[in-house]
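The values are calculated or read from the model by the stated rules, or taken from the named source; none is laboratory data. All of these numbers come straight from a predicted model, not from anything done at the bench. Don't worry about glycine lacking a Cβ; one is built from the backbone with ideal geometry, like all the others, and counts go over all protein chains shown. Accessible surface areas use protein heavy atoms only, side chains included; no ligands, DNA or RNA. Shrake-Rupley method; radii C 1.70, N 1.55, O 1.52, S 1.80 Å.
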Amino acid sequence: MILKRIFQIILLILAGEAVFILPFVLTRIFRPTVLEVFALSNTELGACFSIYGLVAMVSYVLGGGLADRFAPRYLIAAALVLTAAGGFYLASYPSFEELLVLYGYWGFTTIFLFWAAMVKATRIWGGSDKQGLAFGLLDGGRGAVSYLFGVAGIVVFYYFSGTQIEYVNLADRKESFSQVIYFCSIVILIIAVLAALFVSNPKKEVSKSSERILDTLKNYVKVLRIPAVYLLMIIILCGYSGYKITDVYSLYANEIMGYNEVKAAKVGANMLGIRIFIGVIAGLLADRFTSGRMMLSGFLVTFLGALLFALGWVQDGDFIFFLIAIISTAVGVYAIRTLYFAAVQEGNIPLAVTGTAVGVISLLGYTPDVFMGPLIGYFLDGYPGLVGFQLVFASLAGFSIIGAITSWLFMRLKKQT
């Protein structure tokens, strides 16, 4: 029984990160390379993320109801296969206009079929008293998967590029990066097969949900009457805005700290490595001290790191400040991210409408997919150099303050119920 539970959470972890490797993780790790080989500006890349976010907004709501009616195994497997198919197309180096379509396609495959199904399956795995552990293992494990993908991607890129990356021409860089994309796409397909075969279908939970609430519209009405839903929307919006800013770590290392592309990519990958430990630690602490309190702490830690960047104290040669600032923001952002949906239990949201609640909360909560990419692109392209990055991290500091206040209100709401 214990081995089966361990195997189930491992499958959810693998699937939970693999589905986002192509649209987001590769860009987070290889941002300077992506901009170069696809001939994109930061603003154009931000536009791709916005198209993804717009499609995702609709997919969150519709996919939430889907997850309350169908078993997760088939939804998760189908999402992985369709997402991997987009990876093979990405390796052909589509134009900017074609990339916009591809990111819209990924907004559907990664969210409509997948997102709420994964969250609901994780909540079921955690039971009534281990929500922090469940989502801590999920996000920490996803960090491990992301880190391994990143390291493997760097190895593949390095192998095909050669040792002197600075002197490799554009055509060879494109060939090397296409091998990274192919590698990731194939691994995602393998995980899809494993999910289809071995992710358990919680038949009892699905049956109960169908018996208690047959009308999907009633699910949404019920969810909209729960006060915690609105606070979680704002908390996720602020926390996810911070997570989107982690996309610029490797670019900051490249442009401000003077690292080459491989060394900058290692910075992005190492930050994903921090997520492994933070996810599990934050989850365990949340089970002891509540998710609301831990999210409040996460926002405060994020604010401190963002302030160092925003004040311009982190520049070439200031390695210690760079290390402190980047670790502080990463620790805070990853802790908050871990606990988004662990807090669903604390908000007294019924298990039967978990998928619907996740969809409704995500509708506003994940709007940074729409606006953060263009905002970051505007700052970095409109204010080249250090000033652009200062503006990016100043916005992170602002979101952290709003998130901290909302987390405090969530804690008060829990005390009143």
Per the filter on segment 55-72, residues touching a residue at least 60 places away in the same chain (Cβ under 8 Å) and β-branched (Val, Ile, Thr) are 61
Looking at residue 324 and the list (1) touching a residue at least 40 places away in the same chain (Cβ under 8 Å); (2) touching a Leu at 6+ places or on another chain (Cβ under 7 Å); (3) on the phi < 0 side of the Ramachandran plot, which single condition is not satisfied? (1)
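Condition check: touching a Lys or Arg at 6+ places or on another chain (Cβ under 9 Å), buried (at least 20 other Cβ atoms within 10 Å of the Cβ) and among the aliphatic types (A, V, I, L, M). Does residue 325 satisfy that?
Values: touching a Lys or Arg at 6+ places or on another chain (Cβ under 9 Å): no; buried (at least 20 other Cβ atoms within 10 Å of the Cβ): yes; among the aliphatic types (A, V, I, L, M): yes.
Here the answer is no, as residue 325 does not meet what is asked.
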Is there any pair with a first residue in segment 14-38 that is under 20 Å from residue 98 (Cα atoms) and a second that is open to solvent by 10 Å² or more (accessible area, probe 1.4 Å) and not in a helix (DSSP H, G or I) whose Cβ atoms are under 8 Å apart and which are 6 or more apart or on different chains, and what are they? 34/40; 35/41; 37/93; 38/93
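Quick check on segment 1-30: of everything there that is more than 17 Å from residue 148 (Cα to Cα) and either outside any helix (DSSP H, G or I) or among the β-branched types (Val, Ile, Thr) (or both), which residue is modelled with the lowest pLDDT? Before you say what the answer is, go through the steps one by one.
We begin by selecting, within segment 1-30, every residue more than 17 Å from residue 148 (Cα to Cα); these are 1-9.
Subset that is either outside any helix (DSSP H, G or I) or among the β-branched types (Val, Ile, Thr) (or both): 1-2, 6, 9.
Numbers: 1: 68, 2: 78, 6: 86, 9: 89.
Filtering first and then ranking leaves 1.
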Take the residues in segment 244-286 that are open to solvent by 10 Å² or more (accessible area, probe 1.4 Å) and either touching a Lys or Arg at 6+ places or on another chain (Cβ under 7 Å) or of a type in the set (D, E, K, R) (or both), then tell me which one is modelled with the lowest pLDDT. 261
Could you say whether any residue in segment 150-158 is under 30 Å from residue 294 (Cα atoms), modelled with pLDDT of 80 or more and either surrounded by fewer than 24 Cβ atoms within 10 Å (Cβ to Cβ) or over 19 Å from the mean Cα position of the chain (by Cα) (or both)? yes
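Report, by residue number, each residue of segment 324-355 that is closer than 18 Å to residue 130 by Cα and of a type outside the set (A, V, I, L, M). Break it down into steps so the answer makes sense when it comes.
Of the residues in segment 324-355, the ones closer than 18 Å to residue 130 by Cα are 335-352, 354.
Passing the criteria: 337, 338, 340, 341, 345, 346, 347, 348, 350, 354.
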Note on segment 21-78: residues under 22 Å from residue 367 (Cβ atoms) and aromatic (Phe, Trp, Tyr) are 24, 49, 52, 60
Please enumerate the residues belonging to segment 245-267 that are part of a loop (DSSP other than H, G, I, E, B), within 15 Å of residue 315 (Cβ to Cβ) and in contact with a helix residue (DSSP H, G or I) (Cβ under 8 Å, 6 or more places away or on another chain). 256, 257, 259
May I ask you to list the residues in segment 239-263 that are among the basic types (Lys, Arg) and under 22 Å from the mean Cα position of the chain (by Cα)? 244
List, please: which pairs have Cβ atoms under 9 Å, are six or more places apart or on different chains, and start with a residue in segment 73-95 that is surrounded by 15 or more Cβ atoms within 10 Å (Cβ to Cβ) and end with one that is among the charged types (D, E, K, R)? 89/98; 93/174
Only residues in segment 273-302 that are touching a residue at least 40 places away in the same chain (Cβ under 8 Å) count as the first member; pair them with residues that are open to solvent by less than 70 Å² (accessible area, probe 1.4 Å) and outside any helix (DSSP H, G or I), Cβ under 8 angstrom, at least 6 apart or cross-chain, and list the lot. 283/342; 286/342; 291/342
Does segment 44-56 include one or more residues that are touching a Leu at 6+ places or on another chain (Cβ under 9 Å) and either among the acidic types (Asp, Glu) or not in a helix (DSSP H, G or I) (or both)? yes
